[in-house]
Amino acid sequence: MRLRDIHFQAMGGQSAFEAEDLERFLAAPRIAVLAYARRDGTPNQVPIWYVYENDRFLMLTSSTSPKAKAIARNPRVCLIIQDETPPYRAVIMDGDMTFTKADTKSDFHTTIARRYFGRIGGAEYEKMVEEDNEKTGLTLMTFEADRIRGFDNERILSAPLLAFMKIRNRLPIPQDWL
């Protein structure tokens with residue numbers, strides 16, 4: 001199912017994302033939070049890198065990681081992607097995760113490392129995790145949403161106020177004055 005075909009439920013009286021804004025927001029290199037159920041049923045959350053393409057979210061993990069084991073038992077997960085700065089935006093999606101064995105030397109591993117660290121940092125990251133990846137193996141996790149909710153507070157602000165909100169934390173004056 002295409003993401004734009006799923007009804008976006010706005011939360012807490014805040015504005016929903018427009019389809020084009022949602023696509024841009026999800027395509028940006030943000031850190032997602034992946035929530036899943038542990039063996040005993042308690043929830044767990046982990047930060048995770050992702051690539052969004054063709055209405056799916058692609059992620060890598062060690063094949064022996066606790067999250068890989070837990071999600072293999074119960075593929076129902078929640079993926080959260082959010083802005084960390086005002087005026088705040090968030091997308092919360094429920095859906096199922098599927099697994100595919102990944103090549104530890106895959107182009108996707110390089111792509112995702114560069115997405116978050118750049119060319120030089122990505123190459124260093126790959127060197128840092130190479131031995132562990134060879135030992136444990138990698139799993140490509142593919143997430144497809146069937147429920148989506150959240151908010152886009154950028155839609156409710158005027159252009160001048162939005163610009164101010166984006167720079168206010170960088171101004172050399174006490175924040176409580178603003």
* Inside the range 135-160, can you point out the residues that are assigned to a helix (DSSP H, G or I) and modelled with pLDDT under 90? -> 153, 154, 155, 156, 159, 160
* Within the range 15-69, count every residue that is at positive phi and more than 17 Å from the chain's Cα centre (by Cα). => 1
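Evaluate the following for residue 132: is it farther than 29 Å from residue 18 by Cβ and without any contact (Cβ under 8 Å) to a residue 40 or more places away in the chain? Lay out the reasoning, then the answer.
On the way: farther than 29 Å from residue 18 by Cβ: yes; without any contact (Cβ under 8 Å) to a residue 40 or more places away in the chain: no.
Answer is no for this residue.
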* Asked: Looking at this structure, is residue 29 closer than 21 Å to residue 116 by Cα, assigned to a loop (DSSP other than H, G, I, E, B) and either in contact with a helix residue (DSSP H, G or I) (Cβ under 6 Å, 6 or more places away or on another chain) or of a type in the set (A, V, I, L, M) (or both)?
  -> yes
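Considering the range 56-87 alone, what residues qualify as being in contact with a strand residue (DSSP E or B) (Cβ under 7 Å, 6 or more places away or on another chain), outside any strand (DSSP E or B) and surrounded by 14 or more Cβ atoms within 10 Å (Cβ to Cβ)? Don't jump to the end; show me each part of the working.
Our first condition is that a residue be in contact with a strand residue (DSSP E or B) (Cβ under 7 Å, 6 or more places away or on another chain); within the range 56-87, this holds for 56-63, 67-68, 70-72, 74-83.
Subset that is outside any strand (DSSP E or B): 63, 67-68, 70-72, 74-75, 83.
The answer is 63, 67, 68, 70, 71, 74, 75, 83.
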* Examine the range 162-178 for a residue that is within 21 Å of residue 14 (Cβ to Cβ), surrounded by 14 or more Cβ atoms within 10 Å (Cβ to Cβ) and at pLDDT 90 or above, and state whether such a residue exists. => no
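The values are calculated or read from the model by the stated rules, or taken from the named source; none is laboratory data. The shown structure was predicted, so the numbers you read here are calculated from the model rather than taken from an experiment. For neighbour counting, all protein chains shown are included, and Cβ atoms are generated from backbone atoms with ideal geometry for every residue, glycine included.
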